Amino acid sequence: MLRHSTQMIHKNQFDAALVPHFRDIVKKIYSKMLPVQQKSAEILKEKLSNAAVWQTRTCPVCGCADNLPLSEGAYHYGVQVVQCEACGFSYSLKVLTETHDKWMYETNESFYEIYLQLKKEPVYKSLEQTKAQYIIQAASQFVHQKGHFLDVGSAVGSVISAAQANGWHATGVEVNPLFLKESKSKGLNVVSGFFPDALSAQYHAQFQAISMLDVLEHMVDPITFLESAKPFIAPDGVVLIQVPNLNSLYIQLDGEQNTNYCIGHWSYFTPESLNATLEKAGFENLFLETYISEFDKVQQFPESDIQYKVQQLTGQTLQHIDELSIDWLHEHLLGYKIFGVYKLKA
Ligand SMILES: [Zn+2]
């Protein structure tokens, strides 16, 4: 468990389910931007309709070619998610070629405009900043001394801002031009490009902490990606990882319509498979939890569906639906995001 003191941030402080009207605020921004979003989706669809930009693959964790459709229909927004029969890893059977995969992050500008607008909304921004502080708090607890911090996919720079405020030297890596412009306007130190290629060898063994928040699920080959990060980790350094939780009660209830099933999400993690992936890449787990409950969304499903999914996921039967709470979800690792801290294996 993380150590506690009076100034400690608790994970429920950045749980949107606990913020009154949060969903309405987000909905309002998205509805305003709907035409832009639709246009962006059309461009993406047209660009990716050519069969040559797609390739079929085997399990990225163990290489096995045998798999089962993850759920009945299995086609989510044009993405077929399957589960490896050998190791149980869930992944998108088809992936984009590297060029087209990268193209999505560099040029899908209208989508990022919406996203940037959302990130600037005060309530959203405040939650994001609190989460960033929580990440830095975790990093500070697992390192011997604060030094250099790297945030991979630093977006508008919330994590590196929080790291700086906490006494770290912080660097970000980001490829999106809008996000780069935004973080540079705040005076943050951000390198343009994709990690790790964007960082020269002068950064080797430099970072006491490297965070990758919502990054690993975008990787076609998460193990190779994690291995490529190793040279940049200082002796005794840690890696902090956040990914969507495929086993979260909300995603499980929402099923195939859940927006996590999308083009660009190539790997789908559970707490167990995240640890197995990191283990295979040469990392050892120090801490694992779930945060962000989506509890308000969970509560909108019929009681019988909730009961069934809880039973399926935990093997436990709820005596009464009131037993279910945000704390209960996290105790059973059924929260929306998985957060793990890892170090290099000795
Ligand atoms: Zn496998």
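Of note:
- Anisotropy class of the stretch 147-203 from Cα gyration tensor, a/c 1.5 cut: oblate
- The dipole here belongs to the stretch 11-344: it is taken about the Cα centre, uses +1 on the Cβ of Lys and Arg and -1 on the Cβ of Asp and Glu, and is about 1040 debye.
- Value at 222 nm in deg cm²/dmol, rounded to 500, when DSSP H runs of n ≥ 4 in the chain each add -39,500 (n - 2.57): -11000 deg cm²/dmol
- Dipole of the stretch 11-344, positive direction: furthest Cα of GLN316, PHE142, ILE251, with charges on the beta-carbon: PHE142
- Net charge of Cβ neighbours under 10 Å - reference TYR291; Lys, Arg +1; Asp, Glu -1: +1
- Least to most buried among SER31, SER110 (fewest other Cβ within 10 Å first): SER31, SER110
- Förster radius 35 Å - calculated FRET efficiency between HIS144 and ILE43, Cβ distance, rounded to 0.05: 0.15
- Net dipole in debye of the stretch 124-254 [+1 Lys, Arg Cβ; -1 Asp, Glu Cβ; about Cα centre; nearest 20]: 480 debye
- Cβ-based exposure ranking for HIS169, HIS10, in which fewest neighbours within 10 Å come first: HIS10, HIS169
No lab work stands behind these numbers, since they all come straight from the coordinates. The shown structure was predicted, so the numbers you read here are calculated from the model rather than taken from an experiment. All Cβ positions, even for glycine, are placed from backbone atoms using ideal geometry, and neighbour counts span all protein chains on display.
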